[in-house]
Number of protein chains: 2
Amino acid sequence: MPDKHAGLCPRFHAAVELIGKRWTGAIVHVLMTGPRRFNEVLAAIPGISDRLLTERLRELEAAKIVRRDVYAGSPVRVVYELTTRGRELEDALEAIGRWAERWLEAPLSA
Amino acid sequence: MPDKHAGLCPRFHAAVELIGKRWTGAIVHVLMTGPRRFNEVLAAIPGISDRLLTERLRELEAAKIVRRDVYAGSPVRVVYELTTRGRELEDALEAIGRWAERWLEAPLSA
């Protein structure tokens, strides 16, 4: 088993680091329901700030998990949506969610 | 969907933070194969230091993911094993692993 997984460790770690940033799971979760505008994502995640959502979306774009689509018009329409790579995160996020729901108590302060 | 998941967010975040610490995934992965002594875990994870393994095992004990069993004798035998909570992490770790294997390239430096 160590042999098979030796090459996976750095990737596993990179994946968890990516998923584990505050709000990233929530953003991906919201985009699982379909493409959304910035303000729609903002409204769907109580507690996140404009600045942090902008930062996280940029990171997710850089990681090719989220794609930013710009539609011409007046005003220009900007929409965020998951790439295939992003949509395929669903299994992992759900498995973590199930475990967390079953085994972890909600911290007093979110 | 936001309603259903509103209470989950802090727990999801806590779970990812726990899993995401460097080496934690590897330690849990090794213990999935059965109870192990400290030196067996150490040998199975190239690159981890004594100090860090001690620290991680203590954190995993505090999180009730790992149990430390001490068997009387001379010398005393100390063995680490996963709790039920720890064994049930398997699905989540495997889902992350599959995604990472499929979508992330191994970083040049581990």
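The values are calculated or read from the model by the stated rules, or taken from the named source; none is laboratory data. Because the structure is a prediction, the values reported are computed rather than measured. Cβ placement follows ideal geometry from the backbone for every residue including glycine, while neighbour counts extend to all protein chains displayed. Areas reflect the complete protein model, heavy atoms only, side chains present, ligands, DNA and RNA absent. Shrake-Rupley method; radii C 1.70, N 1.55, O 1.52, S 1.80 Å.
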So how far apart, in nm, are the two label points at A:E81 and A:M32 if each is 7 Å from Cα heading toward Cβ? 1.9
Just to be sure I understand: if you take the accessible area of chain B alone plus chain A alone and subtract the pair, with a 1.4 Å probe, what total do you get in Å², rounded to 100? 3800
Calculate the radius of gyration of the Cα atoms of the protein assembly as shown to one decimal place, then report Dmax, the largest Cα-Cα distance, as a whole number, both in Å. 19.5, 80
Quick one: grab the alpha carbon gyration tensor of chain A, order the square roots of its eigenvalues as a ≥ b ≥ c, and give me rounded if a/c is under 1.5, else prolate or oblate depending on whether a/b is larger than b/c. oblate
Using 0.36 nm per residue of separation minus the Cα-Cα distance, give me the extension gain between A:E40 and A:E88 in nm, one decimal. 15.1 nm
DSSP-assigned coil residues among GluC sites (Glu not before Pro) in the stretch B:35-106, each with at most 12 further Cβ atoms within 10 Å: B:E105
Put a point 7 Å out from Cα along the line to Cβ at B:V78; what are the distances to that point in the other copies, in nm, shortest first? 5.4
